[in-house]
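Engineer: I have a structure here, written as structure tokens, and I will follow up with some questions on it.
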Amino acid sequence: MLVVTSARQRELRAWAARRILELTVPDARLTTGAQALLAELDAGRRWVWHAQGQLAIAAVVVLGLVAVVLGGLAGVVAVVVAGAVLSSVLLSLLVLRFRRERWRVEAERLAPVIWRSGI
């Protein structure tokens, strides 16, 4: 089973597949394989969420909204601003932590069983 384990490996595979297609070789299996590889690499670039991140993000959004609403009802602008800023910063950190490209998630998941990394 082949797994992409690094950005360099992704780049090299994409280059090889594009090069095969550029050469327009008369081998249908080779051309089909190159197209399939490009499609697989393209699918791996999609961004996905880690499951535990969704709950944390929802909690940060709810807490931020609660702080803003309670601060607004109490008439304390500092609480509104602090709630908005803090929840925005936390939300940004959570997005950076829990949103990854699909190929990276797959590489991290399979890292313990990969006995030899490629390029």
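Engineer: Check every DSSP H run in the chain and write down those whose alpha carbon atoms cover 27 angstrom or more along the long axis and whose mean Kyte-Doolittle hydropathy is -1.0 or greater.
Structural biologist: Helix filter hits for the chain: 51-74, 77-98.
Engineer: Placing unit charges on C-beta atoms (Lys and Arg positive, Asp and Glu negative, everything else neutral), compute the dipole magnitude of the chain about its Cα centre in debye, rounded to 20. Provide the component values of the computation, followed by the final result.
Structural biologist: Details: 15 positive and 8 negative charges, 48 e Å.
The calculation lands at about 240 debye.
Engineer: Another question about this same structure. Comparing 107, 28, 67, which has the greatest mean-square fluctuation in the GNM of the chain with Cα pairs linked when under 10 Å apart?
Structural biologist: Greatest mean-square fluctuation among the candidates belongs to 28.
Engineer: Whats the longest run of the chain with zero trypsin sites (Lys or Arg not before Pro) that are DSSP loop and have at most 14 other Cβ atoms within 10 Å?
Structural biologist: Working: sites that count: 45, 46, 116.
Value returned for the longest uninterrupted segment is 47-115.
Engineer: Report the normalised scattering of the stretch 1-83 as log10 I(q)/I(0) at q = 0.23 Å⁻¹, calculated by the Debye formula with identical scatterers on the alpha carbons.
Structural biologist: Evaluating at q = 0.23 Å⁻¹ gives log10 I(q)/I(0) of -1.03.
Engineer: So what is the calculated 222 nm ellipticity per residue for the chain, using -39500 (n - 2.57) for each DSSP H run with n of 4 or more, over all residues, to the nearest 500 deg cm²/dmol?
Structural biologist: On the way: 5 runs with 89 residues, N = 119.
It comes out at -25500 deg cm²/dmol, rounded to the nearest 500.
Engineer: Given q = 0.15, 0.17, 0.25 Å⁻¹, what are the Debye log10 I(q)/I(0) values for the stretch 49-100, with equal point scatterers placed on the Cα positions and solvent ignored?
Structural biologist: Taking Cα atoms of the stretch 49-100 as identical point scatterers yields -0.41, -0.50, -0.82.
Engineer: Nearest 0.05, what FRET efficiency do residue 50 and residue 12 give at R0 = 25 Å with Cβ-Cβ as r?
Structural biologist: Values: r = 27 Å, r/R0 = 1.08.
Once the sixth-power term is evaluated, E becomes 0.40.
Read-outs: derived from the displayed coordinates by stated rules, not from any lab. Note that the coordinates shown come from a computational prediction; the quantities given were computed from them, not determined experimentally. Note: ideal-geometry Cβ built from the backbone for every residue, glycine included; neighbour counts use all protein chains shown.
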